[in-house]
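All remarks here apply to the structure that follows.
Where a number appears in this text, it was derived from the coordinates with a stated rule and is not lab data. All of these numbers come straight from a predicted model, not from anything done at the bench. Note that we place each Cβ from the backbone using ideal geometry, even for glycine, and neighbour counts take in every protein chain shown.
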């Protein structure tokens, strides 16, 4: 994920989002994200300086997580909302930005009502 201030971005992902910080090297920081390793990095050249892909964080209770992250000053673009009623569950999402305007989202598969 491209970032421009590695220290501020590391603090956001570690402190605001509560992700497990693994280690840092110059211009990069690494986090555990389930079985995936997320790398934050300052782009080395202008051609690589673009927003990252949307990351979807699967959570059990989207409303609870939304409230917890909002209390940590995470600014959401949307509130939790129903995206798709599926056969055996309802898919809910809430979108937000990191400090570099990369789009991130909470996703929850709730039992259908």
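Arranged from fewest to most other beta-carbon atoms within 10 Å of their beta carbon, 107, 28, 86 become 86, 28, 107. Against the main long axis of the alpha-carbon atoms of the chain, helix 62-71 sits at an angle near 40°.
Largest GNM mean-square fluctuation among 80, 43, 26, using the chain with Cα springs under 10 Å: 26. Counting neighbouring beta carbons within 10 Å and listing from fewest to most, the residues 97, 50 come out as 50, 97. Taking label points 7 Å from Cα along the Cα-to-Cβ direction, residue 39 and residue 84 give a separation of 3.0 nm. Computed over the Cα atoms of the chain, the ratio of the radius of gyration to the Kirkwood radius (Rg/Rh) comes to 1.01.
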